[in-house]
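Throughout, read-outs are computed from the coordinates displayed, never taken from laboratory work. Here the structure is a predicted model, which means the values were calculated and not measured. Every residue, glycine among them, receives a Cβ derived from its backbone with ideal geometry; neighbour counts consider all protein chains shown.
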Amino acid sequence: MGHRVCAVDIDAGRVAELNGGKAPFFEPGLDEMIARNLDSHRISFTTELREAVPNADAVLLCVPTPAGTNGDADLSMLYAALRDVGPLLKPGALVITRSTVPVGTNALLAIQLRQEHPDADVAVISNPEFLREGHAVDDFMRPERVIIGAADADAGSRAAKLYDTLGCQIIITDLETAEITKYAANAYLAASISFINEIANICERTGADVTKVTEALHLDRRIGEHAYIEPGIGFGGSCLPKDISALVSTAEGHGYDPTLLKAIMAVNDSQPKRIVGYLRELFTDLSSLKVAVLGISFKGDTFDVRSSPAMSVIRHLGDAGIRVHAFDPMADRTVEMCVSAIAELHEDAYSAATGCDAVIIASEHSEFRMLDLQRLGKVMASRVLIDGRNVLDPATVAEAGFSHIGIGRARRGD
Ligand code: UGA
């Protein structure tokens, strides 16, 4: 976009990797973007705030705000960052919060800055990000909108200028509205997913096919072709679950009982358990079963296992006394560490399925669409496939001699 950027992290290993042109996580297009900007000296990475902050016109705070003990957001890292940045800010600088923070937080940050640095002349801006893992570069460069929350109009329009070259709609509002917009977007997405999962559960009991239902819904312009209505074992990740909990906490803190938000979570929490229910319908003795779970990450084509519904499935299977083999095509050391206590990790789908009574697809990794079903069936003790993400065609699976169970679909095979 033409800006010069100095990025700071407290992790020296991560900073070294980034200065070498490599992101410390998987994100399509990001390594190329970093390398290009390192070459043109537009970006640098450091552990030293002193190298980054004193010359900056804008300081973007992008630290995590994970779920705290009561489901509310833990803001300790944000306040720590502000405390460290405060004394180094140059007059007229903008402090821009990109982290997801409960309504009222940015106003409190501004008060803290004013108290600690009465002469600082800096403005606090709320500028929530809407990036999806796996699409972050594209979502950033081609956003549907940019939200700028500011307590004064001049600071708001200066922050908006940062995004001028993107040519997208920029909504400038007050701090509180910007903060709530982020939660509203994630709560809406989560609501769509729990809604369709509930419809899928009704479809299963009535013989309807949820995939035809979603095909029809996508064509309704009031719902839309990009609507979050793919049913499955529930939503996960580091954002949707924690943001709904934080919004519930905010609502309750303001004396409002958010019944719909709680219902979104209740449907989502029950979705992974349904996999054990399917097995109970097919097998009399669960404790003698061995099953393979394909996909451990919270969604397809990422390796992130934070709040992954696939991990919940594995835990529920273990609680039912079932032995679990697991495979994830993108597993790294973190994934291995998370899974090794509750499942036996395998190098590929066929090794994981060997000797198993059922295979469960738990994340929609692209490579699962190309599974060699004959090869899979040959190594299994019985041909049962539970497709927790509806990635395979039920007729094809049944033709390969499997009993097929999908989410919200009629049963196929014996
Ligand atoms: C989500 C939002 O989509 C981003 O807009 C937001 O910026 C981000 O959270 C954040 O707050 O930082 P992300 O967590 O990367 O992004 O994940 P999504 O792609 O939205 O998927 C979330 C979960 O919903 C996954 O477990 C996915 O499998 C599930 N999902 C998604 C469904 O079950 N059905 C759908 O139709 C869509």
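A few comments on the model shown:
- Over the chain, volume per residue of the alpha carbon convex hull, in Å³: 156
- Computed FRET value (nearest 0.05) for residue 57 with residue 315, which takes r as the C-beta separation and R₀ as 60 Å: 0.80
- Anisotropy class of segment 119-216 from Cα gyration tensor, a/c 1.5 cut: prolate
- Debye equation applied to the C-alpha atoms of segment 298-414, log10 I(q)/I(0) at 0.10, 0.16 Å⁻¹: -0.27, -0.72
- Spatial separation of Cα centroids for segment 309-362 and segment 30-102, in angstrom: 36
- Among 271-277, 241-247, the peptide with the highest mean count of other Cβ atoms within 10 Å heads the list, and the full ranking is 241-247, 271-277.
- Distance between modelled label sites at residue 334 and residue 3, nm, 7 Å Cα→Cβ extension: 2.4
- Taking 20 Å as the straight-line reach from the Cα of residue 299, the lysines in range (excluding those fewer than 8 positions away in the same chain) are 242, 273.
- For segment 133-182 and segment 368-395, distance of Cα centres in Å: 44
- Cα gyration tensor, segment 16-117 - rounded (a/c under 1.5), prolate or oblate: oblate
- Peptide ranges 228-239, 289-300 listed from the most packed, as the mean C-beta count within 10 angstrom indicates: 289-300, 228-239
- Helix-only mean residue ellipticity at 222 nm for the chain, each DSSP H run of n ≥ 4 adding -39500 (n - 2.57), per residue, nearest 500: -12000 deg cm²/dmol
- Cα gyration tensor shape for segment 5-181, rounded if a/c is under 1.5, else prolate or oblate: rounded
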